[in-house]
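This report concerns only the one structure given below.
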Amino acid sequence: MRSSEVTRTTKETDIRVELALDGSGAAEIETGIGFFDHMLTAFAAHSGFDLKVSCKGDVFVDGHHTIEDVGITLGQAFAAALGDKDGISRYGNFSVPMDEALASCSIDISGREYLVFNGSFHYARIGRMETQMVKEFFRAFASNARLTLHINILYGENDHHKCEAAFKAFAHAVAEAAAITRSGTLSTKGSL
């Protein structure tokens, strides 16, 4: 089974992530930020990855350190669980409509970290989660998983719907890219 466990402790956060790529979508999430927990639970359910996240962070300051550091740690866990990437599909692309909102995600597990994020929100927060942290989470994940990630929130009125559509599109795209579909490495260079 492709799985990993990563811990990260700083003066701002204490995080433990357990990830199994060939799971059933089970999730145990506790970050101290309810809406972020909801997004990570949706990510696990829609990717089919088993995910445990425990984070004690300085949420009395704000959610920035918690959300970014979980993105860092989850990205590291994803890279570790992939191992040598032998046989993976490498690319994933998915769009998710959620009522009036539509978001799409495209991924290349390339070894080159890059984020393109197009999307905006009407309000500064969804629950206790700052909406500016949506992009920061995906940036942290892409950098630490070493992949190219394009997320586009194409339209929508409700910020909850837009954000959730983005996380679900990400979940489906990353699961598609990580799926074992062949033997060998899908690269003309011979490595990712």
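The values are calculated or read from the model by the stated rules, or taken from the named source; none is laboratory data. All values derive from a computational prediction rather than experimental measurement. In this analysis, Cβ positions are derived from the backbone assuming ideal geometry, glycine residues included, and neighbour counts consider all displayed protein chains.
Among the residues of the range 7-21, not a single one is touching a helix residue (DSSP H, G or I) at 6+ places or on another chain (Cβ under 6 Å), small (Gly, Ala, Ser) and either under 21 Å from Ala166 (Cβ atoms) or crowded, with 16+ Cβ neighbours inside 10 Å (or both).
So, in the range 154-188, of the ones that are among the aromatic types (Phe, Trp, Tyr) and closer than 23 Å to Leu21 by Cα, which residue ends up surrounded by the fewest Cβ atoms within 10 Å (Cβ to Cβ)? The selected residue is Phe167.
The single condition from (1) out of contact with any strand residue (DSSP E or B) (no Cβ under 9 Å at 6 or more places or on another chain); (2) among the basic types (Lys, Arg); (3) surrounded by 24 or more Cβ atoms within 10 Å (Cβ to Cβ) that Arg125 fails is (3). For the range 102-118, the set of residues classified as acidic (Asp, Glu) and touching a residue at least 40 places away in the same chain (Cβ under 8 Å) consists of Asp108 only. Tallying residues that are under 17 Å from Gln132 (Cβ atoms) and hydroxyl-bearing (Ser, Thr, Tyr) within the range 32-72 yields 1.
What do you reckon, is Ser110 among the polar types (S, T, N, Q), surrounded by fewer than 16 Cβ atoms within 10 Å (Cβ to Cβ) and in a loop (DSSP other than H, G, I, E, B)? Here the answer is no, as Ser110 does not meet what is asked. Within the range 155-171, none of the residues are within 18 Å of Gly87 (Cα to Cα), out of contact with any Lys or Arg (no Cβ under 8 Å at 6 or more places or on another chain) and assigned to a helix (DSSP H, G or I).
How about the range 63-100: which of its residues are surrounded by fewer than 15 Cβ atoms within 10 Å (Cβ to Cβ), out of contact with any Lys or Arg (no Cβ under 8 Å at 6 or more places or on another chain) and at pLDDT below 95? Selection gives Asp84, Asp86. Taking the numbered list (1) surrounded by 18 or more Cβ atoms within 10 Å (Cβ to Cβ); (2) part of a strand (DSSP E or B); (3) out of contact with any helix residue (DSSP H, G or I) (no Cβ under 7 Å at 6 or more places or on another chain); (4) of a type outside the set (S, T, N, Q) in turn, Ile151 passes all entries but (3).
The residue pairs whose first member lies in the range 119-147 and is farther than 21 Å from Ile72 by Cα, whose second member is acidic (Asp, Glu), and whose beta carbons are closer than 8 Å, counting only pairs six or more residues apart or on different chains, are Phe121/Asp159; His122/Glu157; His122/Asp159; Tyr123/Asp159; Ala124/Glu130; Ile126/Asp159. Please indicate, with yes or no, whether at least one residue in the range 4-22 is touching a Leu at 6+ places or on another chain (Cβ under 6 Å) and among the polar types (S, T, N, Q). Taking every residue of the range 4-22 in turn, at least one turns out to be touching a Leu at 6+ places or on another chain (Cβ under 6 Å) and among the polar types (S, T, N, Q). Filtered by the rule that a residue be in contact with a Gly (Cβ under 9 Å, 6 or more places away or on another chain) and of a type in the set (Ser, Thr, Tyr), the range 46-88 gives Ser47, Thr66. Entry remark, the range 119-136: residues being within 16 Å of the chain's Cα centre (by Cα) and either part of a strand (DSSP E or B) or modelled with pLDDT under 95 (or both) number 1 in total.
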